[in-house]
1. Return yes when LEU597 is at pLDDT 50 or above, closer than 20 Å to GLU312 by Cβ and crowded, with 17+ Cβ neighbours inside 10 Å and no when it is not.
2. Go through GLU306, GLU312 for me and flag whichever is among the charged types (D, E, K, R) and open to solvent by less than 10 Å² (accessible area, probe 1.4 Å).
3. Being at pLDDT 85 or above and of a type outside the set (A, V, I, L, M) is the filter here, so list the residues in the range 14-28 that pass it.
4. For the condition within 19 Å of the chain's Cα centre (by Cα) and at pLDDT 90 or above, what is the one hit in LEU82, LEU111, LEU90?
5. Determine which single condition VAL480 fails, assuming it passes every other condition in (1) within 23 Å of the chain's Cα centre (by Cα); (2) within 20 Å of SER542 (Cβ to Cβ).
6. Which of the residues that make up the range 531-543 are open to solvent by 20 Å² or more (accessible area, probe 1.4 Å), at pLDDT 90 or above and out of contact with any Lys or Arg (no Cβ under 9 Å at 6 or more places or on another chain)?
7. Which residues, counting only those in the range 569-594, are touching a residue at least 24 places away in the same chain (Cβ under 8 Å), open to solvent by 60 Å² or more (accessible area, probe 1.4 Å) and either closer than 25 Å to ARG531 by Cβ or among the β-branched types (Val, Ile, Thr) (or both)?
8. If you check ALA511 against the conditions, is it under 29 Å from LEU321 (Cβ atoms), assigned to a helix (DSSP H, G or I) and of a type in the set (A, V, I, L, M)?
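The values are calculated or read from the model by the stated rules, or taken from the named source; none is laboratory data. Please read all numbers here as calculations on a predicted model, not as lab measurements. Glycine also receives a Cβ, built like all others from the backbone with ideal geometry; neighbour counts cover every protein chain displayed. Heavy atoms of the whole protein, side chains included, go into the accessibility calculation; ligands, DNA and RNA do not. Shrake-Rupley method; radii C 1.70, N 1.55, O 1.52, S 1.80 Å.
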Amino acid sequence: MWRSTIAVITVPYLFTVALLPLLVLPFAWTPPYLQKGILTAFILGVSVCAAAFSLVRYRSSIEVPRSLLAYAAVPLFIVACLSLIVNSSLPVSFSGLGFEAGSLGSFFLFLVASFTGALIPRSFVYPFFYALVVSAGIASALSAVLILMRPDAVGVATLSGAWPDLTYIIAAALLVSTICTDSAQRLRPRLMYAGVSVVLLVLFVLFFEITAATVLLIILAASGLFVAVGAIAHAGTRIPFAILAASVCVLICMLVGVRSPVLKVAPVNGYPSFVSTVLVGGALYIQNLPGALIGTGPGSFTATWERYRLMETNSSPSAGLVPDSAYSTVATIAVTLGLIGLLSFILIPLLLVASVTSFLVRDSSISQSAGQELPAALALALFSFGAMFVYPIALPLFLVAGAATGVVASLLVRERPVLRLHGDLRVTVPLAVLFVAGGLFLIQTSFRQFLAAELHARGNAISTESSESRTTVLMFAARVWNSGTYDIDASRALFQQANAQARQSPVDVEAVKKSLREAADFASLATQVARSDYRTWLYSASLYVTILSTGYPNAEESANVAISQVQQLAPMRAEGPFLEAQMAVQKGDAVKARDALRRALILNPDYTDAKNLLNSITSQQTPPTPETQESTAGGV
């Protein structure tokens, strides 16, 4: 097997995907949700470099999938690339902060998962399932223990993301373990999977979520029917007891009202409702024809939400919500990749079902080789895709969907075609160079992302009293990996450092100027990296308005540009007019300030800062009018 170049990539990568729920560096400061994508990309990069060595050293073969299903993710990745190119004014990084779901890098990892799944040796299919089940069980059990021991860590204590991300992972593992319990031919693996299923069922109840339970129940019912029909066609009547028992337990939980998790865990970030997502997406489709077709670019949902959000949102409890995803993964794709991207995504599960149906029609008895693993792989893929229609899933389940689709493709093909290179160095060497270049790119990208995330987290943990050390760490993080988030935090730390330096006696004027200049430089860099994110422009405008009174060069001009961008990118946000009013107050233009504050209050009637500033201006003495000045002069 290891004389196959692709096998060197396939096995490590697929088992990385299976172990992803548990795969974190326990003593790292980097958030677990970022570690998932970073570690996956790093392992893939190392595997690709190892494949290059195998290609040259052993003149090994390259395998090519035969099944059309293995290539189902290719159109989606192409559309994502085109969307990024078309939206050239949107400088979205290839990999985001850590190959998180929604970035172009996550679609690349999904494509690789589908390809490698289609080439996995069949002897590794059951170990792949087992690794997924065990990793999900351990991750959820450790998460439960951490939450019980640290109730203050609400929303951040799970190793697989915040609830309900963890719930979907547990449900996927429970689905696989129950199907494997009924499909296993020998008693020992059947008992092993049955025991794991019981543990997972208990954990699923602890982290219960009604939508995940609904999707799980539907796929369990369909899987039970699939397994029963296959058993009848192949070896006689056989009732899928494990699937039936799990379905009954999930149904009872739904009926008796277990509508929230027993362990009180809250999501880290909120997401817009279905109605809000439809309204924003509908506005995009109506007002922007290119955006309707090809989307606004991978990872651009936040920018699209702010551009098309309704004014009524300002008066709702979610007024401060800045979501990075829509109501569900599918809805996010519909916005960021447009109608073509949406159809390309839906094509994958449709082709999955069509391929399996065609296979069953050709072989109604369900061959012995595929009959044991196919139900679990098919159910896992369908559950993962079903979850994407109702929830914005995190990277682990997103990659599991791709891997499971590829595994189904591998089980539907009897022969594994191999492209043999016959030791021709004219072919192997260029391919090896290409593999090494791609592998090193993934390795250095993931390493820089991890280092920057680690430094950023450590820098934010340093108290503001230690401003110099905090500033140094945050600046280093921004320089290691250039992103709007890291640049803004570095700029903010530099501004705080400048304030601290200004309070010292005697004041080091040059040091204060240097800190302000570096703060402005990082703010400018943030607006260049994330030009479509109104938050970078909002921070930049706030910074320049604040330092306007210091006589900083071009502060007024820079503030005006930033405020204009805020109002253009987030027209329904009241912060833009409020900053305009603040700058007018500093210039002594009370009339312009009142006008800007009235516009801010129209957008958000509950904007406390705008109300306070308007009251402050109104309470001051009214400037003399020209008529008053003339009569006063005549009296003198």
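1. No; evaluated as a whole, the condition is false for this residue.
2. GLU306
3. Of everything in the range 14-28, those that are at pLDDT 85 or above and of a type outside the set (A, V, I, L, M) turn out to be PHE15, THR16, PRO21.
4. Only one candidate qualifies: LEU111.
5. (2)
6. Passing the criteria: ARG535, SER542.
7. GLN582, VAL585 - these are the residues of the range 569-594 that are touching a residue at least 24 places away in the same chain (Cβ under 8 Å), open to solvent by 60 Å² or more (accessible area, probe 1.4 Å) and either closer than 25 Å to ARG531 by Cβ or among the β-branched types (Val, Ile, Thr) (or both).
8. Taking the combined requirement at face value, the residue does not satisfy it.
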